[in-house]
Amino acid sequence: MKRRQLIQAGFAASGLLALGGCATSGAGVPASAKVVVIGGGYGGATAAKYVRLLSDYKIDVVLIEPEASFVSCPMSNLVVGGTRSLAEQTMSYSTLSSRHGVRVVRDMASKIDATSHTVTLASGATIRYDKLVLSPGIELMFDGIQGLREAHASGQVLQAWKAGPETVALRQQLEAMPDGGVYAIAIPEAPYRCPPGPYERASVVADYFKRAKPKSKVLILDAIQDVTSKPALFKKAWSELYPGMVEYRPQHKAVAVDAKTRTVKFDVQDDVKADVLNVLPPMRAGAIAVQAGLANSNARWCNVDYQTFESTAAKDIHVLGDSIQVAPLMPKSGHMANSHGKVAAAAIVAQLTGLEVDPRPMLTNTCYSFVDAENVIHVASVHEYVAAEKTFKTVPGSGGVSAQRNELEGRYALVWARNIWADTLG
Ligand SMILES: Cc1cc2nc3c(=O)[nH]c(=O)nc-3n(C[C@H](O)[C@H](O)[C@H](O)COP(=O)(O)OP(=O)(O)OC[C@H]3O[C@@H](n4cnc5c(N)ncnc54)[C@H](O)[C@@H]3O)c2cc1C
């Protein structure tokens, strides 16, 4: 059976096998599984579901995730801006179990042994795998900015770069800020999770200030020389929607914070004081990937064979999502991680069942950014694997950016979110 037929068979069967498989969410830890997935975010949850689907529900999948629910970073800036609740960002893992037979184990992977093909969990249990999928997201490198670890631990300087309680805490800081105050977001050098995310956050915070605290200011302190994503559209939105309120300062690389005086210091520029400091440090692959020795690109990101997403450091371990060293123009996004999940799932099913691995996988990406509560701009791209160069390249003429901000794309963005959540978890 050719891979395409297998995939079609998998999709056809998905409706019929709704209650099949071994749905035992949280009910004990199995000793082994064909495929073990670490991390139930955009990459891991998608891979878990698609290995089940594409194998016609024949391959056992165990998903290890410490959180009780999936909390989406995409759309979480609207929680910071005050137009959406965290509850609207929060979804259950139960459909992965009940419809797809993924065994969801609520635990943390603490050790990977690539030689014995085992994962040890924080609870002490060990699971053997034939194939391991690793999608642990990012680790924030607090020590890259002096004083930030302590400032974060005390709750004074937040990041909210992993959606959850911290997103709500940042919102509360903004609500408590007096009118006439300053919110400052410091952005690290690329690569980091979600290139347009900081600019979107600055925009929706300005939108909130415009409505509730019009004398306040938003400072964007960027380590690099210019806005990395949709620069013309973001800058137009700031000057037209928030004149005098949003200030973009390039070449401001944060090196230290002082939580007591709410000051951020830079390598060259003058110190900046703000009422609400939102300092994003440099980032790297999720801690478990680094500990397992898989971060073989500058000790920060994991190199993979892009055809299969198999690590170049360890056989039978496939790394997805934000943790990987990306090919040119591939952003660290949820949409991309979801795409990685499907490509890796198809490759894993092919490898485990003796089928040919797709020689030319494709990835897609769309990033929608809100510039106020309703108006949105987007950037989209399509990436194809080029075997001769062993990398992904954007397909000429694919994708593009919005002509201008508009409300219709605001509705598309919310539909995009609902669709990707259904594809990842439903
Ligand atoms: C403010 C903001 C806005 C964003 N907006 C968008 C957007 O509009 N569109 C878009 O496409 N992307 C967006 N992103 C980016 C997107 O959130 C990430 O790119 C995406 O989540 C990456 O998926 P992932 O699977 O690599 O990591 P995650 O989705 O973070 O999943 C990682 C999971 O691994 C788990 N984990 C970590 N370590 C372990 C361990 N040791 N054992 C078990 N589990 C573990 C974590 O609990 C987590 O659930 C945004 C990000 C932010 C911060």
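The values are calculated or read from the model by the stated rules, or taken from the named source; none is laboratory data. Note that this is a predicted model, so its numbers are computed, not measured. Cβ: placed from backbone, ideal geometry, glycine included. Neighbour counts: every protein chain shown. Only protein heavy atoms, including side chains, enter the accessible area calculation; ligands, DNA and RNA are left aside. Shrake-Rupley method; radii C 1.70, N 1.55, O 1.52, S 1.80 Å.
For the range 274-315, the residues whose backbone nitrogen is under 13 Å from a point 7 Å from the Cα of Gln156, taken along Cα to Cβ, are 274-277. If the chain linking Val255 and Asp305 were pulled fully straight, counting 0.36 nm for each residue of separation and taking away their Cα-Cα distance, it would gain 14.6 nm. Each of Trp238, Trp416 has its accessible area taken with a 1.4 Å probe; listed largest first, they run Trp416, Trp238.
With a/c under 1.5 counting as rounded, go ahead and sort the range 83-153 into rounded, prolate or oblate using the C-alpha gyration tensor (a ≥ b ≥ c being the square roots of the eigenvalues; past the cut-off, prolate if a/b is larger than b/c, else oblate). The shape class here is oblate. If the chain linking Leu408 and Ala190 were pulled fully straight, counting 0.36 nm for each residue of separation and taking away their Cα-Cα distance, it would gain 75.5 nm.
Accessible surface comparison of Leu132, Leu355, probe 1.4 Å, protein chains only, largest first: the order is Leu355, Leu132. Projecting the Cα atoms of Ala237, Ala186, Val168 onto the dipole axis of the range 148-238, where Lys and Arg carry +1 and Asp and Glu carry -1 at the beta carbon, places Ala237 farthest toward the positive end.
Seen through its C-alpha gyration tensor, with square-root eigenvalues sorted a ≥ b ≥ c, the chain comes out prolate because a/c lies at 1.5 or above while a/b is bigger than b/c. Over the range 163-322, accessible surface divided per residue gives 39 Å², non-protein components excluded, 1.4 Å probe.
Computed from Cα positions, the angle between helix 165-176 and the longest principal axis of the chain comes to roughly 10 degrees. What number comes out for the charge environment of Gly426, summing +1 per Lys or Arg and -1 per Asp or Glu over other residues with Cβ under 9 Å away? After counting each charged neighbour, the total is +1. Pairs exceeding 21 Å between alpha-carbon atoms, taken from Lys34/Lys111; Lys213/Lys253; Lys34/Lys390: Lys213/Lys253; Lys34/Lys390. In loop segments of the range 163-231 as defined by DSSP, the GluC sites (Glu not before Pro) with at most 13 further C-beta atoms inside 10 Å of their C-beta are Glu189. Classify the range 354-426 as rounded, prolate or oblate, taking a ≥ b ≥ c as the square roots of the eigenvalues of its Cα gyration tensor: rounded when a/c is under 1.5, otherwise prolate if a/b is larger than b/c and oblate if not. It is oblate, given that a/c is not under 1.5 and a/b is not larger than b/c.
A 1.4 Å probe run over the protein chains yields, for the range 108-155, 45 Å² of accessible area per residue, whole-number rounding. For the chain, the share of accessible area belonging to carbon and sulfur comes to 52 percent (1.4 Å probe, ligands and nucleic acids excluded).
Summed over qualifying helices (DSSP H, 4 residues or more, each -39500 (n - 2.57)) and divided by its residue number, the chain shows a 222 nm mean residue ellipticity of -9000 deg cm²/dmol.
Counting only heavy atoms of the protein chains and using a 1.4 Å probe, His378 has close to 40 Å² of accessible surface. Figure the gain on full extension for Gln172 and Thr120 (residue separation times 0.36 nm, minus the Cα-Cα span) and round it to one decimal in nm. Contour length minus Cα-Cα distance gives 15.0 nm. Listed by chain and number, the lysines whose alpha-carbon sits under 23 Å from that of Lys393, ignoring those within fewer than 8 places in the same chain, are Lys230, Lys332, Lys342. Shown is the FRET efficiency for Glu374 and Thr263, computed with R0 = 45 Å from the Cβ-Cβ distance and rounded to the nearest 0.05: 0.80. In this structure, Lys210 and Val395 have a Cβ-Cβ separation that, at R0 = 45 Å, corresponds to a calculated FRET efficiency of about 0.70. A Förster radius of 41 Å, combined with the Cβ-Cβ distance separating Ser98 from Glu247, puts the computed FRET efficiency at roughly 0.25. About the centre of its Cα atoms, the range 120-187 shows a dipole size close to 300 debye [charges on the beta carbon of Lys, Arg (+1) and Asp, Glu (-1) only; nearest 20 debye].
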